[in-house]
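Working notes, beginning with the structure itself.
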Amino acid sequence: MFTGLIREMSQVLSLQNSTLSIKAKYCPNIGDSIAINGACLTVVNLGKNTFDVELSPESQKVLAMDNYKGLVHIEPAMKMGDRFEGHVVQGHVDCIGEIKSINNTGNSSDFIISLPKEYLKFIIPKGSITIDGVSLTINEVINDTFRLTIIPHTIKNTLFHTYKVGTKVNIETDMFARYIYNMFKKDNNTKMSWNDVDQVMASY
């Protein structure tokens, strides 16, 4: 389990077959779970200021692999008793999104991101979403896109400062939105407004 708060941006040393080698200040242990650009991966080898994780063929099909070079976001899994911030993140990437536009609004920037239509049902205005492992709030849903407003601190300290129109990103939708949808999808007589969803999610 993760929070979507990035511990550091680390350097990819190599990606050979299924092995991704990372140079980082953070030192994990063999077998640890660590989110790299939002994907939960297992540490399989350690070196001096480096560690390796496994990327299965299935993972490589689901993830935005173009972003697994240069710098990447890393976040270790939460430990019992850790302070909880951000939102509940599983490290299970749902799909790949694409940045459609970036607009500077003065003291922040709006990022418009598209995603496959089958995942739109999990995108809730003012709900949570994870982009390449970063916990963010959805400001607006527009057709098959959603809008994020990113403050300068987040842009400076994450990969958002490298993103351009056309950049592909890993998306994990909100776990509670998925659970709520599946709880009610078989009951055609149950209709929920966004306010109903907000109240259910607030109870957790």
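What follows draws every value from the coordinates through simple rules; no lab data is involved. This structure is a prediction, so every number in the text was calculated from the model and none was measured. Cβ coordinates were reconstructed from backbone atoms using ideal geometry, including for glycine residues, and neighbour counts include every protein chain displayed.
Calculated over region 8-76, the projected area of the Cα convex hull averaged across directions stands at 3.9 nm².
For His87, His153, the sequence from fewest to most other C-beta atoms within 10 Å is His153, His87. Shown here for region 8-55: trypsin sites (Lys or Arg not before Pro) in loop regions (DSSP other than H, G, I, E, B) with at most 14 other Cβ atoms within 10 Å, namely Lys25, Lys48.
When the GluC sites (Glu not before Pro) in region 1-94 are filtered for DSSP coil states and for at most 14 other beta-carbon atoms within 10 Å of their beta-carbon, the remaining sites are Glu85. Residues of region 88-111 falling in the label zone of Asn139, defined by backbone nitrogen less than 19 Å from a point 7 Å along Cα to beta-carbon, are 98-111. Ordered by the number of other Cβ atoms lying within 10 Å of each residue's own Cβ, fewest first, Lys69, Lys61 fall into the sequence Lys61, Lys69. Could you pull out which residues in region 103-126 have an amide N less than 18 Å from a spot 7 Å beyond the Cα of Leu71, following the Cα-Cβ vector? Residues 109 qualify, since their backbone N sits under 18 Å from the label point. The modelled label-to-label distance for the pair Lys25/Leu13, using points 7 Å beyond Cα in the direction of Cβ, is 1.9 nm.
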